[in-house]
Amino acid sequence: MQWCGNLSTALRELYRVVRPGGVVAFTTLVQGSLPELHQAWQAVDERPHANRFLPPDEIEQSLNAVHYQHYIQPITLWFDDALSAMRSLKGIGATHLHEGRDPRILTRSQLQRLQLAWPQQQGRYPLTYHLFLGVIARE
């Protein structure tokens, strides 16, 4: 869901196609996700390298016409280095940018700056997601 250009439209369509008595369960990332990635890239350049995610209240507003429940769950994954953390994003298909991707390849110098700027704890590199878990019930 986090890669939908218009989340409200996608949620309305899911509600429309589910049968009465059915449910739609979904997850999406919300604002505050991937702060370590954003922080590290700021040391390299000013271009966006990850999507900005909607604040939870905007998602809730998209759901105001339907019966739903939700909660937000932070999850932090730990990696041996910044490159491994970034590869994990590619592994889950999270490299799509709404604004388009810069075709340039990451240089060794940029990778070194990312590695140094990435916040670390005890030599490990965190990558934090804030998940919005929602369930829409069709009456």
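Between GLN61 and THR107, what is 0.36 nm times their sequence separation minus the Cα-Cα distance? Round to one decimal in nm.
Full extension from GLN61 to THR107 adds 12.4 nm.
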Quick one: which residues, 5 or more positions from LEU34 or on another chain, have an amide H under 5 Å from its amide H? H modelled 1.01 Å from N in the peptide plane, none for Pro or chain starts.
THR128, TYR129, HIS130
How would you rank 116-126, 78-88, highest first, on the average number of other Cβ atoms within 10 Å across their residues?
78-88, 116-126
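Got the relative contact order for the chain handy, in percent, Cα pairs under 8 Å and 6 or more residues apart?
On the way: 199 pairs, mean separation 64.6, N = 139.
After rounding, I find 46 percent.
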May I ask you to sort TYR71, TYR129 by Cβ crowding, counting other Cβ atoms within 10 Å and putting the fewest first?
TYR71, TYR129
Obtain the nm distance between the two label points defined at GLN121 and ILE72 by a simple spin-label model: each point lies 7 Å from its Cα along the Cα-to-C-beta direction.
1.9
With n ≥ 4 as the cut-off for DSSP H runs, can you work out [θ] at 222 nm for the chain, using -39500 (n - 2.57) per run divided by the number of residues, rounded to the nearest 500?
-9500 deg cm²/dmol
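To the nearest whole percent, what portion of all C-alpha pairs in the chain is separated by more than 28 angstrom? Kindly include the intermediate steps, with their values, before the conclusion.
Numbers: 2680 of 9591 pairs.
Value for the chain: 28 percent of Cα pairs lie more than 28 Å apart.
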With a 10 Å Cβ neighbour count serving as the proxy for reagent exposure, in which order, fewest first, do VAL17, VAL30, VAL24 appear?
VAL17, VAL24, VAL30
Footprinting exposure proxy for PHE132, PHE53 (fewest neighbouring C-beta atoms within 10 Å first)
PHE53, PHE132
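Quick note: the coordinates plus some simple rules give every number you see, no bench work behind them. These numbers were taken from a predicted model, which means no experiment stands behind them. As a convention, Cβ positions derive from the backbone with ideal geometry for all residues, glycine included, and neighbour counts pool all protein chains shown.
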